[in-house]
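Note sheet for the following structure.
The values are calculated or read from the model by the stated rules, or taken from the named source; none is laboratory data. Remember, predicted model here, so these are calculated numbers, not experimental data. All Cβ positions, even for glycine, are placed from backbone atoms using ideal geometry, and neighbour counts span all protein chains on display. Please note that ligands, DNA and RNA were not included when accessible areas were found on the heavy atoms of the full protein model with its side chains. Shrake-Rupley method; radii C 1.70, N 1.55, O 1.52, S 1.80 Å.
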Number of protein chains: 4
Amino acid sequence: MVKQTEGVDKRSQILATALKLFNSQGFHGTSTASIAKAAGVATGTLFHHFPSKEALLEILFLSVKQEFANALGAMAVPEGELKQQARTLWLGAIDWGMENPDKQQFFQQFSLSVEIPLPLREEAMQGILGFIGAMILEGQKRGVIAALPLPLLLENCHGQYLSASRFFLDRPALARDETHREASFQLFWNALRP
Amino acid sequence: MVKQTEGVDKRSQILATALKLFNSQGFHGTSTASIAKAAGVATGTLFHHFPSKEALLEILFLSVKQEFANALGAMAVPEGELKQQARTLWLGAIDWGMENPDKQQFFQQFSLSVEIPLPLREEAMQGILGFIGAMILEGQKRGVIAALPLPLLLENCHGQYLSASRFFLDRPALARDETHREASFQLFWNALRP
Amino acid sequence: MVKQTEGVDKRSQILATALKLFNSQGFHGTSTASIAKAAGVATGTLFHHFPSKEALLEILFLSVKQEFANALGAMAVPEGELKQQARTLWLGAIDWGMENPDKQQFFQQFSLSVEIPLPLREEAMQGILGFIGAMILEGQKRGVIAALPLPLLLENCHGQYLSASRFFLDRPALARDETHREASFQLFWNALRP
Amino acid sequence: MVKQTEGVDKRSQILATALKLFNSQGFHGTSTASIAKAAGVATGTLFHHFPSKEALLEILFLSVKQEFANALGAMAVPEGELKQQARTLWLGAIDWGMENPDKQQFFQQFSLSVEIPLPLREEAMQGILGFIGAMILEGQKRGVIAALPLPLLLENCHGQYLSASRFFLDRPALARDETHREASFQLFWNALRP
DNA sequence: AATGAATGAGTATTCATTCAT
DNA sequence: AATGAATGAATACTCATTCAT
C-alpha cells in the first residue's frame, strides 16, 4: 500500500540519509543541501523537520543511542552467573554492531566527538552504561569484579567496547569467528577481574 | 639574545597555536585566519609554511605523534620482568599525557578522527604500538600474556590507553593518586593475562 | 505588471551585467562580487545559477555567439548573385555589430582569447563560419572565388571581419558612411577573387 | 667561456621565461613566483629588474615588437615593382613568425589584448605598420592599390596578417608549402587591388 | 507540509610586492 | 645585485538558513 522509499515519511528519509552521509563524509563534510538531495527532498524540507544542522545531528545521535540501548535491554538476562550475563551482553553488543554497521560506525565517530555537545554525550553514556554500572556494582559485591573506582571502570569498559567493535567493523569476517569473539570478551572480562 | 616568543621561528609559532586552537574549537571550527592572527603572523605566512590547512593538521599530527613515540622510547627498559616494564611504560605514558595535556588532548581528538587520512593514522598507530607489539609477543612467549590474536590485542591496548588518559585528563587530580594510577594499570595488565 | 529591471529573472540580469563588466575590465579584472553587486543580486545567487566564473563566461560566450549566428541566418538570402549575397551578409554582420556594440566588443575580446577553452572556440567558429564555408564552396564552383585552400580562406574571412568590425567599433560614425561600408566589403570580396 | 644558461644575465632569463609562460598560461595565469622559479632566480630578483608584473609584460611586448620591426626592416627592398616588395615583406613576416613561434604566438595573444595598455598597443602598431602605410600610399599613387581610406586599409592588413600567421602557426607544415604561402599572399594582395 | 531560489557572512587560498640580510 | 621569508588585501566559492509561493 505504501511505497517502499517514498511512503516512509520524509523526516525518516532525511535521518537515514544523514546517517550514511555523516558516516562517509563527516559532519562538516556533509552539506545540508547534499543530505536533502540524496534524501529526495527539497533543501527547505530539511529545515521544516529539524531546526538546524546541529539539531539534526543531535536527534540522530539520540535516536541511534536509544536503539542501541533498547537492543541491549532486550538481551539482558536478569538472573544467573554474572560472567554469563556479561558475555551475553558483550557478544550481543558486538552482534548489534555487525547487524547495524552504519549505526555502529556512527557511534564510533560521534560518541566521543566534539560535534556532540558534552552534556548530550554524557547523558547518552550514562543511559547506555547504566546497565554496565549496575552489573559492575553487583559483581563487586559478589567479589568477582575488582574493587576499583567505578568511574574508571566505566570509562575502561567504554574504551574496550569501542576498540573491540572498531576491530570487528574493520574485519567483518572475524566477527563470525568464535575464537575472535571469545577473545574479545576475554579481554574485557579479564580486565575487570579482582 | 633571542626573544622568547618572537625568536622561535614563525613556523613553530603556527604549529603551537594550531595545536591549541584545534583542541579547543575543533579542526573545522578553527579558521586559518584565526590561527595566523593568534600566532602573530600574516595569513599568507601560514600558507608559506604549510600548503593547506589539511597539511598543517597532518604535520602537526605527525610531530605530536613523534614526540610521544620518542618519550615512550626514552622510558623503555629493555630488561627485567615484563610486568614491570609494562607498568613503567603505562604510567610513563599517562604521565606524559598529564605533562603535555594539549598534546594528549590533541591525540584524543584526532588519533581516530576522519580528519586524519586513514594511511597516516595507521602508520602513526604502528609507529607507536610497535613497542607494545614487541612486548606482547615477548609476553606470549614467556606465557605471561594470553595467546590471543595480536591485532585484537593491539586494538584493545589502544582503546584502554585512550580511555585511561581520557579519564585522567578530565580529572587531573586523580592522575597523582596512587590508587587510581595503579588501578588503571591493573585494568590494562589484567586484560592481557592468560 | 512586471518591473522593467527587476522582473527580468536574475539569471539574465547576471549575464547582462557580466557582459558589460567583462568588456570594460576584462575577465580577470572583474570579480564575481562586483558582477553580483552590479546586477543587484547576492554573491551566492551568481553561483546558484552558474557553477563557476569560468562557466559564466562560457555560457555568455555561447549565448552571444548564438544570437549572432541567428542574426546572420535571418539575413541570408538563398538565391541570386553570390556577390550580392555576400554583401548582404557582410554589411548585415557589420550592422549587427553596430547595433549590439557590447556583444560585438565581447566577441572581439574573447573569440580568440585563451580564456575560452579551445574546443568551445572552435565549435563557435564552425557554427558561425558554416554559412561562409558553404558560400565559398559555391563561389568556387561558379568560378567567382579563387580556388585556394578552404581553411585558409575561412581564417582569412574571420580575420578580415574582426578587423573591419574593430575599425567601425572604434569609429561608430563611419559605420554609417556609405564609402567606408562599401570599402570594407570591397576589401573582403576582393581578397577572395580568383 | 660563458655558461649557456647561467651566463646569460638573469634579466634576460626572466624575459625569456616570461615569454614562454605567458604564452602557455596567459598573463593572469602566470604568477611572478612561477616565472622566477622557472627562470632559476629568487622571487625578489624579478622585482629588481622590473618594477611590476605589468611592466614586465610591457617591456617584453616592446622588445618582441622591436625585434619584429627590425626583421621587417632588414628584409625591405627599397626599389622595384611594388607587388614584389609586398610579397617579400609578407612572406618574410610569415617566415619570421615560423622561425620565432614563441614570439609570434605572444603577438597573437597580446597585440590586441586589454592586458597591454591602449597607448602602447597603438604605438606598437604604428611602428610596425609604418612600413605598410608608406607602401600603401605609394601603391595608391601608382594606381596599383585601391583608393580606400588608409586607416581602414591598415586595420585590414593587420587583420589579414594575424589570421594568416595564426593559420600557419597552427599548421607549421603548411608554412613550407609553396601553394599555401602563395595563397596567403594572394589573399592579402588581392584585397588591396583597385 | 513542501519547495527551491535567494541570501550574505564566512573561508581557504593566491599572489604581487617588500625588505632585512 | 640577489635572496626568499613575510605580508595582507583580494577573490572565488560554500553553505546553513530563510521565505514567498
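Compute accessible area for the stretch B:124-164 by itself and then with all protein chains, 1.4 Å probe, and report residues whose area falls by 20 Å² or more.
The answer is B:148, B:149, B:151, B:152, B:155, B:156, B:159, B:160, B:163.
Only four residue types carry charge here, +1 at the Cβ of Lys and Arg and -1 at the Cβ of Asp and Glu. Report the dipole size of chain C about the Cα centre in Debye, rounded to the nearest 20.
160
Just read off the accessible area of residue C:154 with the full protein assembly in place, 1.4 Å probe, to the nearest 10 Å².
Counting only protein heavy atoms, the figure is 40 Å².
Calculate the dipole size of the protein assembly as shown relative to its Cα centre from +1 charges on Lys and Arg beta carbons and -1 charges on Asp and Glu beta carbons; express the result in debye to the nearest 20.
Working: 72 positive and 76 negative charges, 38 e Å.
Using only the charged Cβ atoms, the result is roughly 180 debye.
Just report the Cα centroid separation between the stretch D:99-151 and the stretch C:85-117, whole Å.
Between the Cα centres of the stretch D:99-151 and the stretch C:85-117 lies a distance of 21 Å.
Taking 8 Å as the Cα distance limit and 6 or more residues as the minimum spacing, I'd like the relative contact order of chain C as a percentage.
Relative contact order here is 20 percent.
What does the charge count near residue C:72 come to, summing +1 for each Lys or Arg and -1 for each Asp or Glu among other residues with Cβ under 12 Å from its Cβ?
-1
Using r as the Cβ-Cβ distance of residue B:9 and residue A:52, and R0 as 41 Å, what FRET efficiency do you calculate, to the nearest 0.05?
After rounding to 0.05, the efficiency reads 0.45.
Provide a list, ordered by number, of residues in the stretch A:167-194 showing at least 30 Å² less accessible area with every protein chain present than when their chain is taken on its own, using a 1.4 Å probe.
A:167, A:180, A:183, A:186, A:187, A:190, A:191, A:193
In chain C, what is the volume of the convex hull around the alpha carbon atoms, normalised per residue and reported in Å³? Write out the running numbers ahead of the final one.
Values: hull volume 26.0 nm³, N = 194.
Convex hull volume per residue, Cα atoms: 134 Å³.
Take the protein assembly as shown, compute every pairwise Cα distance, and split them into 10 Å bins from 0; I just need the percent in each bin.
Pair shares across the bins are 2, 10, 16, 15, 12, 11, 11, 10, 7, 4, 2, 0, 0.
Excluding same-chain residues fewer than 8 positions from residue C:103, which aspartates and glutamates have a Cα within less than 17 Å of its Cα?
Reachable aspartates and glutamates: C:58, C:67, C:95, C:115, C:170.
When chain C is turned about an axis onto chain B, which of its residues keeps its C-beta closest to that axis, and how many Å is it?
In chain C, the Cβ lying nearest the symmetry axis toward B is C:33, 9.
Given label points at 7 Å from Cα along Cα→Cβ, what nm distances, shortest first, separate residue D:54 from the same residue in every other copy?
2.7, 3.7, 4.7
Where the label is 7 Å out from Cα toward Cβ, how close does residue C:40 come to the same position in every other copy, in nm, shortest first?
Once sorted, the set of distances for residue C:40 reads 4.1, 5.1, 5.9 nm.
Given the rule -39500 (n - 2.57) for each run of at least 4 DSSP H residues, summed and divided by the residues of the protein assembly as shown, what is its mean residue ellipticity at 222 nm, to the nearest 500 deg cm²/dmol?
Mean residue ellipticity at 222 nm (helix-derived): -24500 deg cm²/dmol.
How high is the relative contact order of the stretch A:1-51, given as a whole-number percent (alpha carbon pairs under 8 Å, six or more residues apart)?
So the answer I get is 34 percent.
For a 23 Å ceiling on Cα separation, which of these pairs sit above it: A:53/C:53; A:83/A:141; A:10/A:37; C:10/C:53? Intermediate results must be reported in sequence, preceding the final value.
On the way: A:53/C:53 29 Å; A:83/A:141 14 Å; A:10/A:37 12 Å; C:10/C:53 16 Å.
Going by Cα-Cα distance, A:53/C:53 fall outside the 23 Å limit.
What is the distance, in nm, between label points placed 7 Å from the Cα along the Cα-to-Cβ direction at residue A:67 and at residue C:38?
My value for the distance between the label points is 5.3 nm.
Once the label point is set 7 Å along the Cα-to-beta-carbon vector, what list of distances in nm do you get between residue A:81 and its counterparts in the other copies?
Spacings between copies for this position, smallest first, are 3.0, 11.5, 11.9 nm.
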